[in-house]
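Here's the structure, in structure tokens; my notes come after.
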Amino acid sequence: MISVENLSIEFAARPLFSGAQFVVNPRDRIALVGKNGAGKSTLLKMLAGEQEPTAGTVAVQKGISVGYLPQVMVLTDDVTVEQEAEKAFGHLHEAEAHLRQLEQELAERTDYESEAYLDLCQQLTLAQERHQMMGGADYRAQIDKTLTGLGFLPSDLTRPTREFSGGWRMRIELAKLLLMRPDVLLLDEPTNHLDIDSIRWLEQYLTQVGGAVVLVSHDRAFINNVTNRTLEISCGKIIDYRVRYDEYLQLRAERRESQLRAWENQQKEIADLKDFIERFRYKPTKSNQVQSRIKQLEKIVPVEIDEVDNASLHLKFPPCLRSGDYPVICDEVEKIYGAHRVFSRVNLTIKRGEKVAFVGRNGEGKSTLVKCIMQEITHGGSLKIGHNVHIGYYAQNQAQLLDESLTVFDTIDHAATGDIRLKIRDILGAFMFGGEASDKKVKVLSGGERSRLAMIQLLLQPVNLLILDEPTNHLDMRTKDVLKEAIRTFDGTAIIVSHDREFLDGLVDKVYAFGGGKVREHLGGIYDYLQTLEAVQAPTMAQPQSSSVPQASSTQGAQSYAEQKELAKARKRLERAAEEAEALVGKFEAEKATLEERMAGGEASSQVFEEYAAVQHKLEAAVEEWEKAIENLG
């Protein structure tokens, strides 16, 4: 589909890579990987035809369509969400206009027996078939389904795009691209503005799409679930690993180990040659051998080793005073903006040492509750910060608070204390500020670079409660590993707002899920929560196994028969309540599925959307009751 031959690119007189050769085949799911600045986004632009290479060619097979989602784009604000998404079907509207024109011409003709009339009939038939093949009958249902999958509510579709943040408008652009169904999809950080639900929907979409996918992403779980091939940009070359990302990491480690052994053998050979030359340089009888060794030395091609992984650097937060037992307690907390209730009746207690995640769709109140905890905004109910709590806060706009007059190095030097100051260069290198980058002024840094610098600054503060709002948005995988390890070994408390499942995995032991104006507590890690969510979204109607019901043990012998009978009755009532709640969830799931089928079939009236919203509301309430019943039963 796309053939790359001897591709080379230079940036600011510095070669990013050269001699690249590979082919993008149908059904390929390719992850482009490499450190920041290696040239991943540049390579995507060249595959999209938006940038010319320094040398070499990118050949796109005739008739193959290519769709490209860059990290940054110019967005329009003059239409509704649905109208903007509908632009993906511009070719369809042209076909419809042609169809109407043919129908009009046919209606005006009266020469029914002529060849010209029959030819016009044939043209109309072909145009109708072509319109049908292009999805003319159900394109509105496709729009609604795609926008819903990416997190938009039915009520959002008629809202002007200007009412949405940049992140949501990027979702609209992604929806348009998916609706166009190009043969090759080129995606640059498509998950940056998505929540967990939308990322999982996109994963499923990309694994089922018929064409090829080439993507750049720092979301390890996402690329593992989507891709089957990995192209690494390293040491100015592109290495093709025809495996998933996790398998690539293993092969890369083996490759680097082999390179290291070859490099060590070469260094020994060079040392031996130089030693011989120095020992016999001035002996006439050895002059021929010396000259031979000099030529041999000049012909040696240095063994290249893949870039060193600085993520092995271990960072630890400076020690801080011990906080009280309960750093954060929320009692009936609520937040209302005008007529919009963000959340209500939030009751949660975070214990000292716990690491918890705030997850949920964008706009459900995760950052709002964080701001309530930080006392940046007012709220209803009671919210208590525990005794001796020192908060380290990383906000999404944290980068804007840096002193622009300082250099990168000075910014961190001012924040560091004690022995950690001896490791400033190593820390900066781990966060991609190695070499000359550490001498840059803050005012010339990009938004992503500023975010990374603000994160380093936080890592050097003596705190006992960490609150991180989307901390991984501008970090590559290796840097995320550094941060994750630092938080894992942190002996204080941490609240992490994130959509990055791999980052949260093994890091948090409790999840607070935001949705429908409620905040629900789930014990366990992020994948435990997602499994529970899947079970709720597709509940099984099987009866409980008899082994799942605790049996009376010999230790209960002291209980009277009447007491045991009452306990059994109570257990039966709880089981019946759980079964009834589960049946209700199944009923509303079925109603929701029926409505989705109606919408997919082209039935897109306001009444259908209202019915869908009502069923969704009933389903959320039923799920809540089911969760309570299961909790009581447990």
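Restricting the first member to segment 279-293 and to residues that are touching a residue at least 12 places away in the same chain (Cβ under 8 Å), and the second to residues that are assigned to a helix (DSSP H, G or I), the beta-carbon pairs closer than 6 Å and six or more apart or on different chains are Val290/Ile277; Val290/Phe280; Arg293/Leu273; Arg293/Phe276; Arg293/Ile277. Checking each residue in segment 2-13 for being at positive phi and either in a loop (DSSP other than H, G, I, E, B) or in contact with a Phe, Trp or Tyr (Cβ under 7 Å, 6 or more places away or on another chain) (or both) picks out Ala12, Ala13. Within segment 465-476, one or more residues are open to solvent by 60 Å² or more (accessible area, probe 1.4 Å), of a type outside the set (S, T, N, Q) and touching a Lys or Arg at 6+ places or on another chain (Cβ under 7 Å). Considering segment 194-241 alone, what residues qualify as being of a type in the set (Asp, Glu) and either open to solvent by 10 Å² or more (accessible area, probe 1.4 Å) or on the phi > 0 side of the Ramachandran plot (or both)? Correct list: Asp197, Glu203, Asp240. When the residues of segment 395-429 are filtered to those that are part of a loop (DSSP other than H, G, I, E, B) and open to solvent by 30 Å² or more (accessible area, probe 1.4 Å), the one that is nearest to Ser498 (Cα to Cα) is Gln396. Set side by side, the residues Gly149, Gly210 differ, and just one is more than 25 Å from Tyr612 (Cα to Cα) and not hydrophobic (A, V, I, L, M, F, W, C), which is Gly210.
Condition check for Gln291 on (1) open to solvent by less than 70 Å² (accessible area, probe 1.4 Å); (2) farther than 28 Å from Val33 by Cα: one failure, at (1). Met455 meets each of the listed conditions (1) more than 29 Å from the chain's Cα centre (by Cα); (2) in contact (Cβ under 8 Å) with a residue 60 or more places away in the chain apart from (1). Within segment 242-287, the residues that satisfy the criterion of being surrounded by 11 or more Cβ atoms within 10 Å (Cβ to Cβ), over 21 Å from Lys299 (Cα atoms) and of a type in the set (Ser, Thr, Tyr) are Tyr245, Tyr248, Ser258. Of everything in segment 319-348 that's among the aromatic types (Phe, Trp, Tyr) and open to solvent by 10 Å² or more (accessible area, probe 1.4 Å), which residue is modelled with the lowest pLDDT? Looking at the filtered set, the residue picked out is Tyr337. If you go through segment 14-61 and keep only what is surrounded by fewer than 15 Cβ atoms within 10 Å (Cβ to Cβ) and either modelled with pLDDT under 85 or part of a helix (DSSP H, G or I) (or both), you end up with Arg14, Pro15. Within segment 102-151, the residues that satisfy the criterion of being at pLDDT 80 or above, within 29 Å of Glu203 (Cβ to Cβ) and either open to solvent by less than 70 Å² (accessible area, probe 1.4 Å) or in a loop (DSSP other than H, G, I, E, B) (or both) are Ala141, Gln142, Ile143, Asp144, Thr146, Leu147, Thr148, Gly149, Leu150, Gly151.
Exactly one residue among Ala437, Ala454 is in a helix (DSSP H, G or I) and surrounded by fewer than 20 Cβ atoms within 10 Å (Cβ to Cβ), and that residue is Ala437. Among the residues of segment 374-385, what is the count of those that are touching a residue at least 24 places away in the same chain (Cβ under 8 Å), outside any strand (DSSP E or B) and either in contact with a strand residue (DSSP E or B) (Cβ under 7 Å, 6 or more places away or on another chain) or among the charged types (D, E, K, R) (or both)? Residues in segment 374-385 being touching a residue at least 24 places away in the same chain (Cβ under 8 Å), outside any strand (DSSP E or B) and either in contact with a strand residue (DSSP E or B) (Cβ under 7 Å, 6 or more places away or on another chain) or among the charged types (D, E, K, R) (or both): 2 in total. Could you tell me whether Met432 is at pLDDT below 90, crowded, with 19+ Cβ neighbours inside 10 Å, of a type outside the set (Val, Ile, Thr) and under 15 Å from Gly392 (Cα atoms)? No: the conditions fail for Met432.
The values are calculated or read from the model by the stated rules, or taken from the named source; none is laboratory data. Since the model is a prediction, treat every value here as computed from it, not as a measurement. All Cβ positions, even for glycine, are placed from backbone atoms using ideal geometry, and neighbour counts span all protein chains on display. Accessible surface areas use protein heavy atoms only, side chains included; no ligands, DNA or RNA. Shrake-Rupley method; radii C 1.70, N 1.55, O 1.52, S 1.80 Å.
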